[in-house]
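Worksheet: the structure to be examined is printed underneath.
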Amino acid sequence: MPPRNAVADRVRILLDERALVPGDRLPSERELAAQLGVSRSSLREGLGRLADLGIIEARRGSGTYLAALDLRDLTDARLRLEPYAARLAAERREPRDLVRLDETLAELRGSLEDRAGFADADLRLHATIAEASRSLPVRVLLDAVADLLRHSRAVTAVDPDTRRATVVVLERLVRAVHAGDGEAAEIAMREHLGHVVAALPREGG
């Protein structure tokens, strides 16, 4: 797994802000480098990171495009890991974790009309759940797919109604973590990921 790359993160955030979807062409290297205030060599390194992850793809003579990620495969992996992380978080959380969860949940509520802001807060909430699990394997595995999770939001959180439904379930998840109820936290996380699956486009559609 390639190490995290700050320029790659900034490119990814910029793509979110532009609401690009799979198949859309990225701006030219010159334009991206100017917008981010980085050198062309640093930009290429960041783009290489995203290409290694399968988030973008270069097409000779055409340009660089946002790739089509296998979101069902990604969600299957999340279903096997994140409910367990939620159970551990409820059982092992510390006061500072609860403060962060409450703060991030408030950010989610306040960014229902801001797709990029909502995606960022959503990822931070999941990262806080992973941190609260006090499990190094869980944290490492979820951090490894963080870029893919952000990329998936272009498909699974495209409208305010979907984001509102997400907040309702995540409120239940946070309450379960506060209560130390591992079973309820696991169930809430499974329900949340079930909504993610339902938001995915049908195969062939």
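Numbers below:
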| item | result |
| --- | --- |
| Ellipsoid semi-axes in whole angstrom, largest first, where each is sqrt(5λ) of the Cα gyration tensor of segment 6-66 | 16, 13, 12 |
| Rounded FRET efficiency, nearest 0.05, which uses the C-beta distance separating His178 from Ala58 and R0 of 41 Å | 0.35 |
| Value of Rg/Rh across segment 7-117 [Cα atoms, Kirkwood radius] | 1.07 |
| Dipole magnitude of segment 6-66 about its Cα centre (Cβ charges: Lys, Arg +1; Asp, Glu -1), debye to nearest 20 | 200 debye |
| Dipole of the chain [Lys/Arg +1, Asp/Glu -1 at C-beta], most positive-end residue of Leu170, Tyr65, Ile129 | Tyr65 |
| Normalised contact order of segment 1-141, rounded percent, pairs of Cα under 8 Å and 6 or more residues apart | 22 percent |
| Contact order relative to length of segment 54-205, as percent, for alpha carbon pairs under 8 angstrom and 6 or more apart | 32 percent |
| Compactness relative to 2.2 N^0.38 Å, alpha carbon Rg of the chain | 1.05 |
| Ordering of 87-99, 182-194 by packing [mean C-beta count within 10 Å, highest first] | 182-194, 87-99 |
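No lab work stands behind these numbers, since they all come straight from the coordinates. Owing to the predicted nature of the structure, the values given are computational and were not obtained by experimental measurement. Cβ sites come from the backbone with ideal geometry, for glycine too, and all protein chains shown count toward neighbours.
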